Amino acid sequence: MDILSVQTQLAAAFGPSGAESGIAAVITELAKPYADDITVDTMGNLIVHKKGTGGKVMFSAHMDSIGLIVTHIDKNGYIRFAQ
């Protein structure tokens, strides 16, 4: 697995807050060869489990990205945003 290719796939995936299914799909495909079980809970969290006999380790990270659009810039330079 080429790290540049992985980073490109992750950066290009659609995944603003509240709509992370696109990035979750990319991560799922990347994790499939290494995982024993992949699930999504009711909150949309992606859970990838690898069975083993050693100690347990948990990696936790945000999948979402900032998603907003500038709707207005006033004469004082204040910016208004929308989702």
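The values are calculated or read from the model by the stated rules, or taken from the named source; none is laboratory data. In this text, all values refer to a predicted model and were calculated from it rather than measured experimentally. With ideal geometry, Cβ positions are generated from the backbone for all residues, glycine too; neighbour counts draw on all protein chains shown. Ligands, DNA and RNA are stripped out before the accessible areas are found, and what is left, the full protein with its side chains, is counted by its heavy atoms. Shrake-Rupley method; radii C 1.70, N 1.55, O 1.52, S 1.80 Å.
Which value, in Å², gives the accessible area per residue of the chain when a 1.4 Å probe is used on the protein heavy atoms?
With all protein chains present, the chain gives 85 Å² per residue.
From largest accessible area down, sort Ile79, Ile66, Ile38, Ile23; use a 1.4 Å probe on the protein chains.
Details: Ile79 80, Ile66 150, Ile38 50, Ile23 10 Å².
Ranked list, largest accessible area first: Ile66, Ile79, Ile38, Ile23.
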Problem set entry | Sites Ala19 and Lys56, calculated FRET efficiency, Cβ-Cβ separation with R0 35 Å, nearest 0.05 | 0.70
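Can you tell me the length gained on complete extension of the stretch Ala35 to Ile69, counting 0.36 nm per residue apart and subtracting the Cα distance?
On the way: separation 34, 0.36 × 34 = 12.24 nm, distance 3.64 nm.
Stretched fully, the Ala35-Ile69 segment lengthens by 8.6 nm.
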For this session: Would you tell me the accessible area of Met63, worked out with a 1.4 angstrom probe on the heavy atoms of the protein chains, in Å² to the nearest 10?
Result: 50
For this session: For a quick protection proxy, order the peptides 8-16, 70-78, 51-59 by their average other-Cβ count within 10 Å, most packed first.
Result: 8-16, 70-78, 51-59
For this session: Note the full-extension length gain between Ile79 and Val6 as 0.36 nm times their separation in residues minus their Cα-Cα distance, in nm to one decimal.
Result: 22.9 nm
Exercise. How do Ser17, Ser5 stack up against each other in accessible area, from largest to smallest, with a 1.4 angstrom probe?
Worked result: Ser17, Ser5
Problem set entry | Whole-percent carbon and sulfur share, accessible surface of the chain, 1.4 Å | 59
Exercise. Which net charge results when you count Lys and Arg as +1 and Asp and Glu as -1 among the other residues whose beta-carbon is under 12 Å from that of Gln9?
Worked result: -2
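At 222 nm, what helix-only mean residue ellipticity would the chain give, in deg cm²/dmol to the nearest 500, using -39500 (n - 2.57) for each DSSP H run of four or more? Please list the in-between numbers first.
Values: 2 runs with 21 residues, N = 83.
Estimated from H runs of four or more residues: -7500 deg cm²/dmol.
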